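Shown next, in structure tokens, is the structure this report addresses.
The values are calculated or read from the model by the stated rules, or taken from the named source; none is laboratory data. Since the structure is predicted, the reported quantities are computational estimates derived from the model, not experimental observations. Note that we place each Cβ from the backbone using ideal geometry, even for glycine, and neighbour counts take in every protein chain shown. Areas reflect the complete protein model, heavy atoms only, side chains present, ligands, DNA and RNA absent. Shrake-Rupley method; radii C 1.70, N 1.55, O 1.52, S 1.80 Å.
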Amino acid sequence: KQFDLYSIFSEKGLELLCKNGVISYIVPDSIIGRSNFESIRSRLTLSNTIIKWVHLNSVFESAKVSSLIFVCVEGNSQPYSFEYIKAETVKEWKDLSYEIKLIDSDTIQKDEKKKVYFAEQEMLDLQQKLHNQKTFGEECILWRGEEIGKSFSLIHHPPSSTSLPLIT
């Protein structure tokens with residue numbers, strides 16, 4: 001399992017949070033959707049209450065990674081909603097030139113990986129439909145030609161030596 005240093009600091013900060021305490025970090029945006037951050041996303045959004053969730057593409061000039069600024073309060077006993085703000089730069093955020101979506105904690109709870117999506121419900125529904133479909137690998141198995149063998153019945157060997165075999 002891969003760990004990034006910021007996830008360890010975030011986890012420890014949440015662990016040390018006192019009752020009704022507030023925590024805020026600026027972290028890489030990979031926390032939003034990468035599978036190895038499922039635990040911390042769940043803890044942030046479902047065990048606590050998000051006050052601010054700001055996704056910025058450019059916070060630090062020297063960093064080539066998008067960032068997430070989150071502010072949360074310790075504890076959560078009921079479903080809630082929070083604003084997901086998405087801006088290109090800190091200036092756009094300060095100038096109120098950003099996109100905003102309301103995120104329900106119920107939506108995160110229902111997601112298998114506890115991901116936080118900046119998308120319309122129509123897109124989330126489509127994603128769910130695609131997720132429920134069988135993958136190509138579940139439908140068939142692919143082998144390389146050498147592993148199948150030249151006598152395999154699905155490989156057609158044309159009479160010309162200048163052409164490649166076809167799978168039929």
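When you look at K115, is it more than 25 Å from E11 (Cβ to Cβ) and either open to solvent by less than 100 Å² (accessible area, probe 1.4 Å) or of a type in the set (K, R) (or both), yes or no?
For K115, the condition - more than 25 Å from E11 (Cβ to Cβ) and either open to solvent by less than 100 Å² (accessible area, probe 1.4 Å) or of a type in the set (K, R) (or both) - is not met.
Of all residues being part of a helix (DSSP H, G or I), out of contact with any strand residue (DSSP E or B) (no Cβ under 7 Å at 6 or more places or on another chain) and of a type outside the set (D, E, K, R) in segment 22-39, which is farthest from S67 (Cα to Cα)? Just the residue, please. Steps first, answer last, please.
Step one: of segment 22-39, the residues part of a helix (DSSP H, G or I) are 29-32, 35-39.
Keeping just the survivors that are out of contact with any strand residue (DSSP E or B) (no Cβ under 7 Å at 6 or more places or on another chain) gives 30, 35-39.
Then keep just the ones that are of a type outside the set (D, E, K, R); that gives 30, 35-37, 39.
Numbers: S30: 8, S35: 17, N36: 17, F37: 15, S39: 19 Å.
So the residue we want is S39.
If only one of E122, E83 is within 20 Å of the chain's Cα centre (by Cα), exposed (fewer than 15 other Cβ atoms within 10 Å of the Cβ) and assigned to a strand (DSSP E or B), which one is it?
On the way: E122 fails: assigned to a strand (DSSP E or B).
From the options E122, E83, the qualifying one is E83.
Scan segment 51-64 and tell me whether some residue there is open to solvent by less than 20 Å² (accessible area, probe 1.4 Å) and either more than 24 Å from E112 (Cα to Cα) or assigned to a helix (DSSP H, G or I) (or both). Lay out the reasoning, then the answer.
Step one: filter segment 51-64 for residues open to solvent by less than 20 Å² (accessible area, probe 1.4 Å), giving 53-56.
If we keep only those that are either more than 24 Å from E112 (Cα to Cα) or assigned to a helix (DSSP H, G or I) (or both) as well, we get 56.
Checked segment 51-64: at least one residue is open to solvent by less than 20 Å² (accessible area, probe 1.4 Å) and either more than 24 Å from E112 (Cα to Cα) or assigned to a helix (DSSP H, G or I) (or both).
Given the options V54, V59, V65, name the one that is modelled with pLDDT of 90 or more and not charged (D, E, K, R).
Details: V59 fails: modelled with pLDDT of 90 or more; V65 fails: modelled with pLDDT of 90 or more.
On inspection, the qualifying residue turns out to be V54.
When you go through S161, S97 one by one, which is the residue that is over 27 Å from Q78 (Cα atoms), at pLDDT 80 or above and outside any strand (DSSP E or B)? Can you show your working first?
Numbers: S161 fails: at pLDDT 80 or above.
Checking each option against the conditions leaves just S97.
Residue check, L68 against (1) open to solvent by less than 40 Å² (accessible area, probe 1.4 Å); (2) part of a strand (DSSP E or B); (3) out of contact with any Asp or Glu (no Cβ under 6 Å at 6 or more places or on another chain); (4) without any contact (Cβ under 8 Å) to a residue 60 or more places away in the chain, all met but one. Which one?
(3) is the only condition that L68 fails.
Take the residues in segment 74-103 that are free of Cβ contacts under 8 Å to residues at least 24 places away in the same chain and aliphatic (A, V, I, L, M); name whichever of them is farthest from S58 (Cα to Cα).
L102
Hey, does segment 7-21 have a residue that's in a helix (DSSP H, G or I), at pLDDT below 90 and under 20 Å from T89 (Cβ atoms)?
No.
Kindly provide the set of residues from segment 104-128 that are touching a residue at least 60 places away in the same chain (Cβ under 8 Å), out of contact with any strand residue (DSSP E or B) (no Cβ under 8 Å at 6 or more places or on another chain) and hydrophobic (A, V, I, L, M, F, W, C), ordered by number.
The answer is I108, and nothing else.
Would you check which residues across segment 1-42 are among the hydroxyl-bearing types (S, T, Y) and surrounded by fewer than 15 Cβ atoms within 10 Å (Cβ to Cβ) and list them?
Answer for segment 1-42, where residues must be among the hydroxyl-bearing types (S, T, Y) and surrounded by fewer than 15 Cβ atoms within 10 Å (Cβ to Cβ): S24, S35, S39.
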